[in-house]
1. What pairs come out if I take residues in the stretch B:55-69 that are within 23 Å of A:GLY86 (Cβ to Cβ) and pair them with residues that are assigned to a strand (DSSP E or B) and among the charged types (D, E, K, R) whose C-beta lies under 7 Å away, six or more apart or interchain?
2. Scan A:GLY21, A:GLY66, A:GLY45 and give me the residue that is within 14 Å of another protein chain (Cβ to nearest Cβ) and either assigned to a loop (DSSP other than H, G, I, E, B) or at pLDDT 75 or above (or both).
3. Give the residues of the stretch A:83-104 that are part of a loop (DSSP other than H, G, I, E, B) and touching a residue at least 40 places away in the same chain (Cβ under 8 Å), sorted by residue number.
4. What about A:SER190, is it within 29 Å of A:ALA88 (Cβ to Cβ), more than 10 Å from chain B (Cβ to nearest Cβ), polar (S, T, N, Q) and assigned to a loop (DSSP other than H, G, I, E, B)?
5. Please verify whether A:ALA178 is aliphatic (A, V, I, L, M), under 20 Å from A:GLU233 (Cα atoms), under 18 Å from the mean Cα position of the chain (by Cα) and away from chain B (no Cβ under 11 Å), treating the condition exactly as stated.
6. So which residues in the stretch A:310-343 are surrounded by fewer than 14 Cβ atoms within 10 Å (Cβ to Cβ) and closer than 13 Å to A:GLY66 by Cβ, if there are any at all?
7. With the requirement that a residue be charged (D, E, K, R) and either more than 30 Å from B:ILE143 (Cβ to Cβ) or free of Cβ contacts under 8 Å to residues at least 12 places away in the same chain (or both), what does the stretch A:202-261 give you?
8. Determine if the stretch B:102-117 includes at least one residue that is surrounded by fewer than 19 Cβ atoms within 10 Å (Cβ to Cβ) and modelled with pLDDT under 90.
Amino acid sequence: MKKIFLLLSLFIVAIMSAKAGSMPVDTGKVGTSDDPKDPPLILFGSVDTYWKDDFSGKANIPTSFGNEQNSVSIGFVDLGIKKKVGKAAFVGELSFGPRSDQSIPTSGYHIQNLYVSYDVTDKFNLSAGYMSTFIGYEVISPAANFNYSTSYLFTNGPFQNAGFKATYAFSDKVSLMAGVFNNYWNTYTSFVTHGAATTSGDVSTFGAQLFLNPAKGWTAYLNLATGPYSGTEFDLTTAYQITDAFKLGLNAADFSAPNNGGGFSGIALYPQVAVSKVVTFGLRGEYFTYKNGGGNVTAFTFTSNIKAGAITLIPEIRLDTKSAAFPTSFVDSNGASTNSATQFLIAAVYAF
Amino acid sequence: MKKNILLAVLLLGFQSAFAQKSLLGLDENNRYIYYQVVDRPGLAADSLGKLALGFVTSSFANKKEKSANDSSIKVRAYFETYSALAFAKHESGRITFELSIECRNNKYRYWITDFVFTPYERDRYGMFVPVVGKDVALENAKIKLDKKELEGYLDQTGTYCQDIGTRLKLYMQLDHHSKIKGSPDQSKKIVTKNW
């Protein structure tokens with residue numbers, strides 16, 4: 001009898017889950033003006049794990065995340081909630097794990113996104129809070145990246161910008177964002193430099209983004225972030241779905257640190273070919289250089305995304321070749337200094 | 001007896017799990033369509049046309065009007081689909097569709113067709129946004145979506161169309177001329193004096 005009730009309970013739970021999954025949900029985009037529909041509370045997130053092996057047996061490649069050598073390691077558990085009621089919305093996204101620790105410089109804090117926004121009109125939006133940066137092609141969450149390892153442009157650029165921004169959409173094809181952000185990147189409070197004469201930080205970084213949709217399937221973002229403390233970065237991020245199967249992405253950036261303190265520039269290409277519903281192959285080819293004679297590095301990453309339901313398997317092989325002046329040291333299997341490094345990595349990302 | 005109860009529960013469960021995909025038919029061009037003809041006695045074609053225009057104007061914030069005259073209207077709009085996980089759902093894509101309403105004296109018909117699915121992807125701000133260049137007609141979506149996923153979207157489309165039909169029918173039955181905007185519905189007035 002107990003078994004029957006147990007089976008019955010399981011069956012009902014399964015049916016209810018299937019039914020809930022198949023039900024359409026009102027979205028807020030459709031509804032009568034007398035009976036407006038708001039989207040439900042949205043839960044989203046991901047978890048990721050990986051194994052990496054540098055062919056030298058040493059962890060050489062220094063870009064963000066996925067650094068642990070010959071170890072089944074974890075990225076992070078990322079949990080986000082968001083809700084929109086009428087014109088007002090919020091997003092809160094928390095993360096825990098090594099990928100979180102490496103992406104949030106403030107020890108003990110676990111916030112990736114925390115902001116509120118308001119649609120003043122259908123075309124004009126205001127947002128304020130701590131937000132992922134608007135700069136760059138790659139992002140912190142592995143669920144929103146094609147490659148698991150990250151580029152030098154990503155690693156050296158901003159991760160988050162806290163501030164206030166206004167976005168106006170002139171049309172479906174053109175929009176402009178402008179905002180003011182805290183004086184330094186990646187901090188949720190404005191920051192006082194150690195030894196500075198002032199006792200408080202300020203909101204002195206100006207940011208702007210021009211979005212263009214020049215053709216069907218083609219998006220381009222021209223980005224600028226500039227401030228007396230954070231420096232100035234120009235960035236172009238663009239992607240073009242040229243055919244149903246072939247996509248080409250490009251990221252180019254130039255950063256100048258304040259007070260002639262150097263900087264970097266670089267370019268990365270991201271061609272990707274979908275060979276089936278579940279398998280896509282991609283290449284990231286990147287050239288990155290530090291200013292003031294800081295050396296350069298060229299990196300090629302061959303990556304595949306293999307989708308199995310909510311899980312994406314990401315095997316990749318990466319080859320980095322650097323100049324002697326590049327500040328990171330690579331070593332071979334004997335521990336001798338070398339200018340190239342090759343690694344294999346396989347990751348599994350579950351996104352929901 | 002217990003077996004009968006168990007059987008009934010199982011049957012009910014199966015019935016509730018069955019989807020709304022069957023609400024969609026195929027038209028002459030093998031495109032999915034939701035088609036209904038509704039009687040509305042007592043109203044001429046142009047009056048029904050005004051009501052239809054009012055319904056469309058108030059119902060679809062994202063619409064793009066394709067054509068309209070006294071007795072017919074055609075708009076393009078979309079609704080969002082959601083992922084199949086019941087405990088943590090988020091937007092998984094949007095389905096764009098074309099709604100046509102044609103009115104004649106004492107009746108009208110409407111049909112919803114030309115469904116195009118656009119998948120969403122997560123962006124850096126925790127938003128789910130359309131993937132550019134990945135649109136696919138629902139009729140051809142099996143080459144891009146797995147079977148279960150596609151069935152889920154067809155279910156959601158069927159239910160959404162049914163909901164539009166219900167809303168439209170209700171709207172077309174209302175006497176909008178006597179309804180004073182902002183005033184409470186007199187028929188719902190509760191008299192507390194006598195009890």
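1. The qualifying pairs are B:LYS63/B:ARG76; B:LYS64/B:ARG76.
2. On the way: A:GLY21 fails: either assigned to a loop (DSSP other than H, G, I, E, B) or at pLDDT 75 or above (or both); A:GLY66 fails: within 14 Å of another protein chain (Cβ to nearest Cβ).
After ruling out the rest, the residue left standing is A:GLY45.
3. A:GLY86, A:ILE104 - these are the residues of the stretch A:83-104 that are part of a loop (DSSP other than H, G, I, E, B) and touching a residue at least 40 places away in the same chain (Cβ under 8 Å).
4. So A:SER190 fits the description; yes.
5. Criteria not met by A:ALA178.
6. Correct list: empty.
7. Matches in the stretch A:202-261: A:ASP202, A:LYS216, A:GLU233, A:ASP235, A:ASP254.
8. No, the stretch B:102-117 has no match at all.
The values are calculated or read from the model by the stated rules, or taken from the named source; none is laboratory data. It should be emphasised that the depicted structure is a prediction, and the values quoted were computed from it without experimental measurement. Neighbour counts are summed over all protein chains in view; Cβ atoms, including those assigned to glycine, are modelled from backbone coordinates with ideal geometry.
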